[in-house]
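The values are calculated or read from the model by the stated rules, or taken from the named source; none is laboratory data. Bear in mind that the values here come from a model prediction, so they are computed numbers and not experimental data. Neighbour counts run over all protein chains shown; Cβ positions are idealised from the backbone, glycine included. Side chains are part of the model used for accessible areas, which takes the heavy atoms of the whole protein and leaves out ligands, DNA and RNA. Shrake-Rupley method; radii C 1.70, N 1.55, O 1.52, S 1.80 Å.
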Amino acid sequence: MTSAPTTPSDVPKFRYTGALAQEIERRWQDRWEADGTFETPNPAGPLADSAKIAGRRKLFVLDMFPYPSGTGLHVGHPLGFIGTDIYSRYKRMTGYNVMYTMGFDAFGLPAEQYAVQTGLHPAITTNANVANYRRQLRRLGLSHDARRGVSTTDPAYYRWTQWIFLQIFNSWYDTDAGKARPIGALVEQYSSAQRPADDGRPWTDLSPTERDAIIDSHRLAYVSDAPVNWCPGLGTVVANEEVTADGRSDRGNFPVFKRNMRQWMMRITAYADRLIADLDLLDWTDAIKAMQRNWIGRSEGATVHFQSSAGPITVFTTRPDTLFGATFMVMAPEHPLVDALTTPERRQAVAQYRHQAASKKDIDRQDDTREKTGVATGAYAVNPVTGESIPVWIADYVLMGYGTGAIMAVPCGDQRDFEFARLYGLPIPAIQQPPERSLDTSTWDTAFVGEAPYVNSSNGSLDLDGITGVAEAIQLTNDWLESNGHGNAAITYKLRDWLFSRQRYWGEPFPIVYDLDGHPHGLPDSELPLVLPETDSFSPRTFDPDDEFSDPESPLDRLEWWTNVELDLGDGPRRYRRDTNVMPQWAGSCWYELRYLDPTNEQIFVDPAVELYWMGPQAEGRDGREHPGGVDLYVGGVEHAVLHLLYARFWHKVLYDLGHVSSKEPYYRLFNQGYILAAAYKDEREIYVEATEVVERDGGYFHGDQPVSREWGKMGKSLKNAVTPDDICQSYGADTLRLYEMAMGPLDASRPWETRDVVGMYRFLQRLWRNVVDEETGELALLDVEAGTDTKRLLHRTIAGVRDDMEALRFNTAIAKLIELNNHLTKLGGCPPGIAEPLVLMVAPLAAHLAEELWAKLGHDSTIAHEPFPVADPALLVADTVEYPVQVNGKVRGHITVAADLDTAGVEAAALADAKVAAWLAGAEPKKVIVVPGRMVNIVT
RNA sequence: GCCCGAGUGGCGGAAUGGCAGACGCGACGGACUCAAAAUCCGUUGUCCGAAAGGGCGUGUGGGUUCGAGUCCCACCUCGGGCACCA
């Protein structure tokens, strides 16, 4: 446990102890709440207060909101929250109207699993967990506007999640306009024959069912029967983004199987290009941008059609220029054309290989030494540039999920194809003349990838021979393919459409009903919210994690009374069946920042005037370029780099296209805070033991008598190394905890938690308190002499430095500067009167409660939260004299103190005249003297 | 393999190309105390030296510069992401 400093009766009554800190903190937290100190005014609507807005710039500071888990917060969770609180408090004191609150992402698997474990309904456990989180967060003194803290599980919230889903359902992506538009516009285009029907038949000839099918196939939210990730251990399908590299579920670590199933999808791929392009507008780290680009995985190249007995086989390639070197084709074992292509003699071998590939779990595919396997189908296809018949193989190194699921194999120019050709004795003709290689590829160890003159690359109408530039050769080939009908330039993405349905209970129900033909209809607004039905039977049906052929079963499916419904959707009352899926965890977090702005609006998800004020585009972004608008500062962990951050950008862009929001992007500036790491200990059975019970002795670590091994990991329940904020608050107070978490290091770095180090910040606050307050009486006790010039200069240097640090989120160095100033006061024996107020004001964003208390003792009735932050006096930032270090040949050999306005020649003369320096020069004539004004002198001999 | 980050005292970490190690922890010495804790004061990169002072020092090896923890090149180690993506 944390060792609470003892507070025996002989310490002064008003010493800043953990007990006093808590008393102060409780008092100020109550007062902030009673006074509505941190209530943020809107420009319109029920939270409007135009007087408070006038003359202030807006600032929207946002934390990634937490899942309220049953175990409560540990000290790692609030790292980012404390940072945003300090920044928000600082910005309020520099004249900003700051939006800052905290909601809860309370739907989803963790909440549901906790409910299943405890046997309590998720609504009950979730409410209890939210209450516990609120209590813990309040105890940290975070300056949230409590009126805005929405929970995704509240029907008044998810009514609008469902509404947004319907907006997406009722939209299609118009590639001509480059944006989403209402589905009605597509119907209009078809029925006016402005757009030809997909199969060439006139629209009027189609049955209503056929028309519906065509329209449905264009929706941004659509039902599709496609390969999805089925996770029997969780009893639900999951999105690609929720599957780990080794083919297991992100949550629970169960095996995941690819199965064709009818599921809801979101057409995020329509936005692939914009999701990449608009990254340029954002103030995010390059690392996160790279992760998103990489996930979207845009590749430019061409599709090429190869004629075969079973019709054209289409491949995607990034190197159409190497088409002359394509000597065979490889298809994924699951490719739909395989059956039609396979010759009777090869049928058995192909069937066997396909069976093997299908039963291989993704894990096995990974763990292999990557040795290629494959079988020939016996079929041939025609290489369009050479006219040659080339064999078609199947192999599992070609993935059905990328490109077209088939490739042209160019063994001389692609390492995988090279290895495959070597293994099965397929020809490897050279089509480029690589430097320092023979054209005889039997002498090659690897494929050649790069620029080199093309050889053997011409037919009657396409001639690449002698060209060296890959880009030029690609262009020529693409033109040739297009004009001869063999293919065209094309772009592919790794990004797949987003699997959006889950077979669980604790999520937003789909606002969708199916008619007797199985055709989906969106519910009208009047039916929203579609409330999650009450039931005791909320446990998901899970299966043996390896039982690939189990089938998902939604808990809602069991509720006949709920699923069967009679509705009038405009054509009289009819019977419908509700969709029994729920939305994934991510749905609620795709738009929560918008609801914070206008949390109680029942007419619309956010008042446009309010949205424009907080989220609208700004005059100028970085580098004077376009500013897309959005949240001014978004702080959260890097683990959401491709999940939440991609989904939320997608939803936001749909809302933007449909005219519901004014900003192109939801989050303008993203800051990833680090993690708090903590020592974790394993016993000899490799089982983690409670870290707080481990003692260090004899150069080793022991749990009782058992020797244990130490490692460092992310703090949490699984490593049994969690430290709760409640314990630290109990021992030292929340202000000490806040300071310690910030002083540990830069906000974006991960750092190890050391409970024993916390006392350093506690001592700082204690000394600060003692410099201003009499520990015996609790009364204000300042020095009765005014500050001298040294102290004033230090104060103003501190003000300037702390301001810079606060702006840049460098709270660790801001704290160090304040400690330096306070240490200076300690040496003076106390705080001169003119210093106390600016000092307390500077401390206010960091140690918020202590500052309020001192501010009150300094005679102020109102909160310090909205007082102006001190401004440095430029006159006090420059000194009369400057001390220069004097280097001789780059090594410091002496110091001189001269008037600050002394010219360069004067400084040089003073340096050369210094006795120590002269001794080092030993009479030698300096070759060169460098004087950096205000900085230093270097004498070169 | 590819793409990002990062390597500084016993530990967490500071340092617009300009006095490396701010600030904190720990350790050591001292004050207070019957004693301990708490609190307060001082010392604390390392080596030589009684001291003054000096040598060496930011993962390794080179380079640019009057001057490099910082910039450039190569390498090593650690952390993170992606990974048969055609």
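Of all residue pairs spaced 6 or more apart or on separate chains, those with beta-carbon atoms under 6 Å, a first member in region A:21-35 that is under 12 Å from A:D735 (Cβ atoms) and a second member that is surrounded by 14 or more Cβ atoms within 10 Å (Cβ to Cβ) and hydrophobic (A, V, I, L, M, F, W, C) are A:E25/A:A734.
If you go through region A:234-286, how many residues are modelled with pLDDT of 85 or more and acidic (D, E)? Total meeting the criteria: 5. Here A:F316 qualifies as touching a residue at least 12 places away in the same chain (Cβ under 8 Å), in a strand (DSSP E or B), within 12 Å of RNA strand B (Cβ to nearest atom) and not aliphatic (A, V, I, L, M).
Matching residues to (1) within 13 Å of RNA strand B (Cβ to nearest atom); (2) out of contact with any strand residue (DSSP E or B) (no Cβ under 7 Å at 6 or more places or on another chain); (3) within 30 Å of A:G233 (Cα to Cα):
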position: A:F254; (1), (2), (3): no, no, yes
position: A:A277; (1), (2), (3): no, yes, no
position: A:W295; (1), (2), (3): yes, yes, yes
position: A:G301; (1), (2), (3): yes, no, no
position: A:T322; (1), (2), (3): yes, yes, no
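For region A:227-240, a residue qualifies if it is surrounded by 22 or more Cβ atoms within 10 Å (Cβ to Cβ) and under 21 Å from the mean Cα position of the chain (by Cα), and the qualifying residues are A:V238, A:A239. When each of A:R139, A:R134, A:R195 is tested for being of a type outside the set (S, T, Y) and in contact with a Cys (Cβ under 9 Å, 6 or more places away or on another chain), the lone residue that passes is A:R139. Could you tell me whether A:F549 is at pLDDT below 95 and exposed (fewer than 15 other Cβ atoms within 10 Å of the Cβ)? It is true that A:F549 is at pLDDT below 95 and exposed (fewer than 15 other Cβ atoms within 10 Å of the Cβ). Scanning region A:241-273 for residues that are open to solvent by 50 Å² or more (accessible area, probe 1.4 Å) and at negative phi gives A:A245, A:D246, A:R248, A:D250, A:R251, A:F254, A:K258, A:N260, A:R262, A:D273. Picking from residues in region A:845-896 that are small (G, A, S) and surrounded by 13 or more Cβ atoms within 10 Å (Cβ to Cβ), the one that is farthest from RNA strand B (Cβ to nearest atom) is A:A865. Residues that are open to solvent by 10 Å² or more (accessible area, probe 1.4 Å) and farther than 30 Å from A:L809 by Cα occur at least once in region A:639-657.
Residues are listed down the side, and each one gets a yes or a no for (1) crowded, with 24+ Cβ neighbours inside 10 Å; (2) of a type in the set (A, V, I, L, M):
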| residue | (1), (2) |
| --- | --- |
| A:R89 | yes, no |
| A:N97 | no, no |
| A:D105 | no, no |
| A:V116 | no, yes |
| A:H121 | no, no |
| A:V130 | no, yes |
| A:R134 | no, no |
| A:R138 | no, no |
| A:S143 | no, no |
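The criterion of at least 1 residues that are touching a Leu at 6+ places or on another chain (Cβ under 8 Å) is met, among strands (runs of 3 or more DSSP E) falling completely within region A:887-941, by A:928-932, A:936-940. Kindly evaluate A:I835 against the criterion of being under 39 Å from the mean Cα position of the chain (by Cα), away from RNA strand B (no atom under 16 Å from the Cβ) and either surrounded by 18 or more Cβ atoms within 10 Å (Cβ to Cβ) or of a type in the set (D, E, K, R) (or both). So A:I835 does not fit the description; no.
Taken over region A:751-761, the criterion of being within 6 Å of RNA strand B (Cβ to nearest atom), open to solvent by less than 40 Å² (accessible area, probe 1.4 Å) and within 23 Å of A:V843 (Cα to Cα) is satisfied by A:V759, A:G760.
If you go through region A:607-621 and keep only what is in contact (Cβ under 8 Å) with a residue 60 or more places away in the chain and farther than 17 Å from A:N97 by Cα, you end up with A:D607, A:G621. Report, by residue number, each residue of region A:207-233 that is at pLDDT below 90 and hydrophobic (A, V, I, L, M, F, W, C). The answer is A:A226, A:V228, A:W230, A:C231. Annotation note: of A:V695, A:V654, A:V708, the sole residue that is within 16 Å of RNA strand B (Cβ to nearest atom) and among the β-branched types (V, I, T) is A:V695.
Per-residue answers, yes or no, for (1) open to solvent by less than 20 Å² (accessible area, probe 1.4 Å); (2) more than 28 Å from the chain's Cα centre (by Cα); (3) near RNA strand B (Cβ under 10 Å from one of its atoms); (4) hydrophobic (A, V, I, L, M, F, W, C):
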residue	(1), (2), (3), (4)
A:P746	no, no, yes, no
A:Q766	no, yes, yes, no
A:V772	yes, yes, no, yes
A:E776	no, yes, no, no
A:L780	no, yes, no, yes
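Quick check: is even one residue across region A:167-180 in a helix (DSSP H, G or I), touching a residue at least 24 places away in the same chain (Cβ under 8 Å) and out of contact with any Leu (no Cβ under 9 Å at 6 or more places or on another chain)? No: zero hits.
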